[in-house]
1. I'd like the residue in segment 96-126 that is crowded, with 16+ Cβ neighbours inside 10 Å and polar (S, T, N, Q) and, out of all such residues, is nearest to Ile487 (Cα to Cα).
2. Based on what the data block shows, is Gly160 of a type in the set (Gly, Ala, Ser) and over 49 Å from the mean Cα position of the chain (by Cα)?
3. Can you list the helices (runs of 4 or more DSSP H) found entirely within segment 728-815 that contain at least 1 residues being under 25 Å from Pro708 (Cβ atoms) and over 35 Å from the mean Cα position of the chain (by Cα)?
4. Can you tell me which residue in segment 554-584 is modelled with the highest pLDDT, limited to those that are closer than 13 Å to Asp537 by Cβ and buried (at least 21 other Cβ atoms within 10 Å of the Cβ)?
5. Is it the case that Gly631 is crowded, with 21+ Cβ neighbours inside 10 Å, within 38 Å of the chain's Cα centre (by Cα) and at pLDDT 85 or above?
6. Could you list, in sequence order, all residues of segment 665-695 that are over 34 Å from the mean Cα position of the chain (by Cα) and not hydroxyl-bearing (Ser, Thr, Tyr)?
7. Return the residue satisfying two criteria in turn: it lies in segment 166-202 and is polar (S, T, N, Q) and over 30 Å from Glu308 (Cβ atoms), and of such residues it is modelled with the highest pLDDT.
8. Might you check whether a residue that is of a type outside the set (Val, Ile, Thr), in a loop (DSSP other than H, G, I, E, B) and surrounded by 15 or more Cβ atoms within 10 Å (Cβ to Cβ) occurs anywhere in segment 379-397?
Amino acid sequence: MNKNLLDLLRYDDEDPFEKEIVLYYQTRKSLKAIKNQSQELYVVSKQWLRQWKYYVEYIEGIAPNQHRDKPGALNSDLLSNENFLLKYPRDHAFNQKIIKLQPEDYVLVNKQMIDVWENVYGAELKILRLVQFNQQGVPSLNVNLLRQPVYINVQNPKRGILQVDENCIIKYWIQLLFVAVKNEFQINVEKIRLWKHKHFQADYAIKQLEEHQGRFNGEILDENLTVGFYKTDLIIIDIKINGKWQYDYIDMKIAFSQQFKHIYEKAYKGCGKFICDKNYCYSNPIFSQIGFDKKTLQQFLIEQFKEETIDWNTVCWNQVIEQKPIQQFEGDIVVTLSALSNFPNSFGASFILNFNNCYDVINYNNLNPELNLQTIQQVNNVINVKILSQWVDNLVQNKKQNIYFVRSIIIIMHFKCFNDLLHQEQNRMLEAFLTLNAEDKELLANYLIILPDEYYIRYIQTIIEILGIFLKKESMKQIQLLKKTEIQYVQQMLELLQVFYKSNIIVKRLNPTKFQIVEIAKLYPKYGDQLEYFQFDSYNKKDLEKYYFTFCQYPWVIPLEFKSEILAIDSRMNQKSQYESSLMFFQPYLKLQIDRNDVVRSALEALSRDDINLKAKLQIIFQGEQGIDQGGLAREFFCLLTQKLFDLNFGMFVPKNNNSILWFNKYNMEMPIKYELIGMILGLALYNQVYLDLQFPQVIFKKLMNEPTCFEDLKELDLEVYKGLNTLAEYEQDNIEDTFALNFTITEAVWDDIIAVELLPNGSQILVNQKNKHEYIKLCINYYLNESIKIPFNSFKKGFWTVVEGNGIKLFSGSELQQLIVGQKHIDLQELEDTTEYNGFDKNSEYIRSFWGFLRSLNEEQQKRFLFFCTGSDRIPVGGLKSLKFQIQKHGENSEQLPSAHTCFNVFLLPQYDSIEKMIMKLQIALQNCEGFGLL
């Protein structure tokens with residue numbers, strides 16, 4: 001056996017699972033090698049596979065001798081309780097009752113593996129499928145059998161469902177049906193043939209068949225074609241008994257007459273729906289707008305029939321008379337809306353504000369749902385969660401994906417007991433969010449803008465609270481998120497929460513951190529960051545054998561500290577991947593030789609080499625100096641380099657907004673590569689978890705993450721310009737030209753000159769007025785935030801992304817990236833005190849209590865200076881000071897030396913002075929005179 005394979009499997013002579021593990025590994029390896037061929041393979045439930053992996057310790061992170069439940073019979077979780085019209089002969093695969101599977105629900109294995117598992121664990125279902133592998137080795141198969149509606153009339157007519165592979169040749173299916181019908185009804189079947197109606201939908205097809213004693217406008221299915229070729233909503237089983245078939249063709253005149261009559265009635269009268277989306281139906285607003293009179297309509301349809309241009313797949317077959325939308329109540333509110341909830345289109349078109357017998361306000365271009373909140377309040381006064389739950393069930397059961405269903409959702413959310421509905425795990429509204437398309441979700445996010453703050457915030461808090469409780473329960477299980485229903489529930493809740501999150505981006509009502517769920521970081525009892533990363537990686541690689549769910553699909557819900565841990569793993573894996581895919585020798589460190597006297601030039605030269613790995617851990621060597629970089633030298637390097645590059649005398653940046661921030665100098669004469677260097681420095685700091693003292697506004701980090709800029713971003717850059725444009729935006733009188741005297745230009749100071757920058761061609765000739773002011777404001781924002789710094793910023797961005805790559809960085813927003821690079825703004829000394837470890841001191845001693853008392857007496861700037869003294873940085877890490885591994889170590893007794901620090905290891909060396917007063921005096925001296933990184 002291959003030694004590497006044994007190492008991978010943690011080989012043990014006494015391991016009872018060795019045979020299974022090795023065979024499974026070999027099976028997966030052999031399947032990955034298959035290309036351009038077909039093979040019969042078995043489908044295995046992902047849920048069962050995860051239980052098996054846990055049981056046999058195939059996965060990492062299981063403690064030795066930890067109790068592990070043996071998985072049950074193979075594929076028992078895939079059983080469905082469906083009923084089929086007939087039973088096929090013996091144990092035919094078409095008899096298997098299997099739930100509908102998605103690609104992420106199963107894996108494929110060969111017969112050898114399935115036989116071993118059946119022998120050890122038993123098998124509830126053995127699901128065999130023909131799998132086709134393409135040139136890239138990607139498998140494709142019909143894992144789900146077709147649920148084909150059928151009609152049969154033996155003794156009495158029956159409609160139902162039969163399972164069949166859509167690639168099954170009809171001749172073969174007929175043979176199976178022949179035996180099934182014979183066994184089911186105990187009749188002498190001579191032959192069977194299958195029909196479909198040429199044009200009519202199933203209900204109308206059966207109606208024609210029964211009205212004309214077995215004659216209808218049908219088509220006999222070609223036995224040499226597949227079942228899936230026909231894609232029909234009903235197959236009619238025709239049985240030959242005593243030399244006579246049950247069904248035959250109808251007279252074509254009768255067939256034509258009925259077809260014409262059906263379409264004419266729909267086109268002239270409509271179908272009874274409030275809104276119909278089918279062709280040739282008067283209930284379709286587009287068709288009704290044509291305005292045919294009776295005679296013209298007849299002539300039009302006759303021509304359509306002659307030319308055979310009617311697409312029968314788009315013809316209306318509706319037979320249900322829908323209730324019309326309600327704008328005002330006249331009777332019992334609950335009874336009325338209970339009936340209306342069966343018709344989502346009508347429900348969604350109700351409660352229109354200032355209704356004028358027109359529904360044109362409901363369209364995708366109008367982002368306001370135009371709700372009559374007074375009428376909705378009448379409903380709020382009389383319903384409870386039980387009633388609302390029934391309405392939701394009705395709406396979802398009868399829904400169609402359109403704007404009216406989206407409007408139904410926002411109406412439902414205006415009923416205050418929707419909050420109680422969220423607590424029900426069996427909430428059909430949640431199901432709908434997994435199927436809403438992107439356009440409908442975007443519209444709903446805009447609709448939510450009008451939802452009262454009280455409801456909006458309460459719903460978000462409830463969703464987060466419910467998910468937190470759910471995940472906490474999951475964390476106590478042996479295997480987290482094992483069942484498909486558990487994963488679906490989390491997905492549904494997150495899809496709902498995501499709509500609120502996107503609405504909050506449009507109009508900010510909450511700090512984005514309010515959407516984070518802290519329990520995500522605690523879901524897995526051990527190795528949580530690694531397990532989440534591997535799920536994220538499997539999701540990106542579409543490795544469905546390993547993937548089941550990742551919260552990284554919804555990165556805004558993950559706490560920042562946990563995301564930063566995932567990023568750290570991602571960077572290490574990218575580094576490993578780069579080694580494996582290149583011819584470079586293994587380079588565990590990125591070693592840079594730096595000249596203190598010319599730090600910018602030496603950094604440029606060192607980072608411009610082709611033989612370096614920018615993803616490796618940074619190690620700084622200062623020329624002419626001894627010492628091994630354990631982190632402190634790297635922090636010093638970043639400090640020296642940023643001090644130089646951001647020095648105003650260097651000219652690359654200019655102060656803005658009353659000197660509170662730095663901005664790119666578009667007129668700087670330095671080479672673009674120096675901006676690129678700054679971008680690389682940001683990337684290196686990020687990957688090496690070093691915080692930089694930068695005065696960039698948040699919009700810089702937004703732009704790095706390709707987030708769109710907005711008006712509010714201008715506020716941090718230039719408050720005066722922001723106020724001026726805001727005044728212009730709010731000015732409503734028509735004398736803007738006289739009051740503001742603006743044209744489409746911006747004036748800028750360049751050295752000693754004032755120049756005018758045109759925002760449009762001939763902008764100096766275009767006056768700003770009430771009609772074009774918003775265009776002017778938009779162009780100003782774009783110029784200040786984007787166009788004016790385009791050249792230096794693009795070089796800066798190029799440098800950043802030269803270092804930073806992979807999927808991990810995509811988890812972060814611009815504001816989060818700023819925290820990762822710059823750290824948090826405010827210091828919480830209590831967090832540091834609560835998590836500090838001690839070597840040689842008792843944390844409850846008077847000496848240590850006095851030490852912390854002295855630090856608390858300092859202002860925030862002085863406290864940051866202490867942090868700088870101990871760690872080499874005054875930046876507060878992501879997660880706060882509680883995430884800093886900090887130690888106070890005794891460093892001699894009755895000493896006269898000052899306190900010092902090992903900044904590389906965040907260790908503060910404190911002597912045991914003979915008095916508390918002396919300790920405080922020594923601390924004050926040390927903090928007043930500290931430079932560099934501590935005194936050691």
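1. Gln96
2. On the way: of a type in the set (Gly, Ala, Ser): yes; over 49 Å from the mean Cα position of the chain (by Cα): no.
Spelling it out, it is not the case that Gly160 is of a type in the set (Gly, Ala, Ser) and over 49 Å from the mean Cα position of the chain (by Cα).
3. Of the helices (runs of 4 or more DSSP H) lying wholly inside segment 728-815, those with at least 1 residues that are under 25 Å from Pro708 (Cβ atoms) and over 35 Å from the mean Cα position of the chain (by Cα) span 773-785.
4. So in segment 554-584, the residues closer than 13 Å to Asp537 by Cβ come out as 566-567, 569-574, 576-577.
Within this subset, residues satisfying the condition of being buried (at least 21 other Cβ atoms within 10 Å of the Cβ) are 566-567, 570-571.
Numbers: Ile566: 94, Leu567: 91, Asp570: 90, Ser571: 84.
So, considering only residues that are closer than 13 Å to Asp537 by Cβ and buried (at least 21 other Cβ atoms within 10 Å of the Cβ), the one modelled with the highest pLDDT is Ile566.
5. Details: crowded, with 21+ Cβ neighbours inside 10 Å: yes; within 38 Å of the chain's Cα centre (by Cα): yes; at pLDDT 85 or above: no.
Judged against the criteria, Gly631 is not a match.
6. Looking only at segment 665-695, we keep the residues that are over 34 Å from the mean Cα position of the chain (by Cα), and these are 665-674.
Selection gives Asn665, Lys666, Asn668, Met669, Glu670, Met671, Pro672, Ile673, Lys674.
7. Step one: filter segment 166-202 for residues polar (S, T, N, Q), giving 167, 175, 183, 186, 188, 201.
Next cut, over 30 Å from Glu308 (Cβ atoms) only: 167, 175, 183, 186, 188.
Details: Asn167: 93, Gln175: 96, Asn183: 92, Gln186: 91, Asn188: 90.
By that ranking, first place goes to Gln175.
8. Start the filter on segment 379-397 by keeping residues that are of a type outside the set (Val, Ile, Thr), which leaves 380-381, 384, 386, 388-391, 393-395, 397.
Filter again for in a loop (DSSP other than H, G, I, E, B), leaving 381, 384.
Those still in the list that are surrounded by 15 or more Cβ atoms within 10 Å (Cβ to Cβ) too: none.
So far as segment 379-397 goes, no, none of its residues is of a type outside the set (Val, Ile, Thr), in a loop (DSSP other than H, G, I, E, B) and surrounded by 15 or more Cβ atoms within 10 Å (Cβ to Cβ).
The values are calculated or read from the model by the stated rules, or taken from the named source; none is laboratory data. Worth saying up front: this structure is predicted, and the values here are computed from it rather than measured. Heads up, the Cβs are rebuilt from the backbone with ideal geometry, glycines too, and the neighbour counts pull from every protein chain shown.
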